[in-house]
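Everything on this sheet refers to the single structure shown next.
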Amino acid sequence: MISNTYVFCFLVFTLAGMAGCSSEPAAKASKQVTPPDKIQGKALILDESTASDAAMNAGGPSVYLVNGLNRYRLFFNKAFQVEAGKEYMAEGVYAQKAIDAIGDPDNGKNGYPLQSSCDRVVRMAWPGLAFDMTDSHVTTLRAKVKRYPARAVFLVTRIEPVTSAADSAKQKKDSGAGEKEAPEVSVPADKQRALLTEGPTALPAPLWEPAGGKARCKVIIDEEGKIAELNSGAQLCETVPWSQFRYKPTVKGGHPVRVNTEVEIRFDPRK
């Protein structure tokens, strides 16, 4: 009798241990789920009629979210009703960020982005699509990123308007509504460089431009010494983290002014 009880207890504990072991990978797998990227900004709607743009619109117009120096091209899997000028919060996958996180064993030497990277990004955003639909989205994404590698593409899984009072106040503040804009002066690049207090003037070359090089970027610096506008169409200029830059404010007649200038950034070659 004692022997049977011992065997029974042994089996119970063994099965409990197996259950515990089998649940551990599931718990780890749940922790590995990547949370969606989130962006917020004012909706900008443009009339773009290329085949690539039409494929990204899900039957609607081309939509961007603009937040300061950041401008995100939205890629819709299904149509959403978006009003121009209204503030929105979107969730999904920031394509270039995900592609760069996946990595490239050739460091961009065989073209950027890789077809396989785009495939993974599309499946990450919209799992369970039919094969032909997935292939179509992959082709569209790769064509857009290949042509404009520095211009953010955001695959939308969810989007909604920002409606809270606090967010509305933030929107008004960010837009500068009711504020008088300071006068603007032009300052040579070398003179303005002496006023730089923070900001990387040398960066690693991106995957899509592995050789690196120098870029002269036209910018507007506001009264507080922050980069307020980027007035350059150069792709390398669009990759610079301008929010990290700070300058000593420029003063004219005893008052801070905005500065129109150029900033030179060096991109070191990828090894």
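The values are calculated or read from the model by the stated rules, or taken from the named source; none is laboratory data. Note that the coordinates shown come from a computational prediction; the quantities given were computed from them, not determined experimentally. All Cβ positions, glycine included, derive from the backbone under ideal geometry; neighbour counts span all protein chains shown. Quick note on the areas: whole protein, heavy atoms, side chains included, nothing else; ligands and nucleic acids left out. Shrake-Rupley method; radii C 1.70, N 1.55, O 1.52, S 1.80 Å.
As a quick test, which of the pairs K97/K218; K109/K226; K38/K191; K144/K248 have an alpha carbon distance above 32 angstrom in this structure?
Over 32 Å apart, Cα to Cα: K109/K226; K38/K191; K144/K248.
5 Å is the cut-off here: which amide hydrogens, built 1.01 Å from N in the peptide plane, fall below it relative to A205, excluding neighbours closer than 5 in sequence?
HN-HN under 5 Å from A205: D268, R270.
In whole Hz and in residue order, list the ³J(HN,Hα) couplings for the range 194-202 that follow from phi through the Karplus curve 6.51 cos²θ - 1.76 cosθ + 1.60, θ = phi - 60°; x for Gly and Pro.
5, 9, 6, 10, 9, x, x, 8, 9
Provide the per-residue ³J(HN,Hα) series for the range 107-122, in order, calculated from phi with Karplus coefficients 6.51, -1.76, 1.60 and θ = phi - 60°, each as a whole number of Hz, with x at glycine and proline positions.
Going residue by residue, I get 6, x, 6, 9, x, 9, x, 6, 4, 5, 5, 5, 4, 5, 5, 5 Hz, with x marking Gly and Pro.
Calculate how many DSSP beta bridges within the range 175-271 are antiparallel, expressed in % of all such bridges and rounded to the nearest 5.
Around 75 percent of the beta bridges assigned by DSSP in the range 175-271 are antiparallel ones.
Would you please name the GluC sites (Glu not before Pro) within the range 178-271 that are DSSP coil residues with at most 13 other C-beta atoms within 10 Å of their C-beta?
Hits after loop and neighbour filter: E179, E181, E224.
Using amide H atoms built 1.01 Å from N in the peptide plane, name the residues 5+ places from V162, or on other chains, whose amide H lies under 5 Å from its own.
E87, Y88, M89
Considering every Cα-Cα pair within the range 193-271, what fraction, in whole percent, is farther apart than 17 Å?
Of all Cα-Cα pairs in the range 193-271, 45 percent lie more than 17 Å apart.
What are the ³J(HN,Hα) values, in whole Hz, obtained from phi via the Karplus relation 6.51 cos²θ - 1.76 cosθ + 1.60 with θ = phi - 60°, for each residue of the range 261-271 in sequence order, with x given for Gly and Pro?
For the range 261-271, the Karplus-derived couplings read 8, 10, 10, 9, 10, 9, 10, 6, x, 6, 8 Hz, x marking Gly and Pro.
Taking only protein heavy atoms into account and a 1.4 Å probe, give the accessible area per residue of the range 80-165 in Å².
52 Å²
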